[in-house]
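Worksheet: the structure to be examined is printed underneath.
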Amino acid sequence: HLKADPAVAALVGDRIFPAGRIPEAASLPAITHQRVSTQAERTLQGLARLTQVRVQLTAWAEGPRGYAQSKAIAGAVIASLMGFRGEWGAVPISGINFYGMQDTDPDPDSELVGVDMDFLIWHRGSVP
């Protein structure tokens, strides 16, 4: 979804990486993503088919304009994901809520800066 969004692609191209890690050979700016938690909803009859996944995305940039760049990327990501409903690959998404944002701890040995964004993604299906 994010790679197809023109506003996000204009800022990071296709540099969106899983597991919260940027490959060494990749250039910046970039986005990383990782699952924080998965919670299945329960009813009196047992597990419901509605699952909540908390995902953290981080917008990374570097240099003198790094903070401004990472904030601009975060804004584009939030605009793209907040309120999304529909198919995401083969997964039916019931809704995405923006949960919060914070700056990453600065690295004193580099000019790398980041902005963490947390989203709650609701989807129908079993817990993976």
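The values are calculated or read from the model by the stated rules, or taken from the named source; none is laboratory data. Every value quoted in this text rests on a predicted model; they were computed, and no experiment measured them. Note: ideal-geometry Cβ built from the backbone for every residue, glycine included; neighbour counts use all protein chains shown.
Take Q56 and decide whether it is modelled with pLDDT of 95 or more and exposed (fewer than 14 other Cβ atoms within 10 Å of the Cβ). Walk me through how you get there before you give the answer.
Values: modelled with pLDDT of 95 or more: yes; exposed (fewer than 14 other Cβ atoms within 10 Å of the Cβ): no.
Criteria not met by Q56.
Among strands (runs of 3 or more DSSP E) lying entirely in the range 1-85, which contain 3 or more residues that are acidic (D, E) and in contact (Cβ under 8 Å) with a residue 60 or more places away in the chain?
Of the strands (runs of 3 or more DSSP E) lying wholly inside the range 1-85, none has at least 3 residues that are acidic (D, E) and in contact (Cβ under 8 Å) with a residue 60 or more places away in the chain.
Does L44 fit the bill of being more than 11 Å from the chain's Cα centre (by Cα) and surrounded by 13 or more Cβ atoms within 10 Å (Cβ to Cβ)? So that I can check it myself, show each step before the final result.
Numbers: more than 11 Å from the chain's Cα centre (by Cα): yes; surrounded by 13 or more Cβ atoms within 10 Å (Cβ to Cβ): no.
No, not satisfied.
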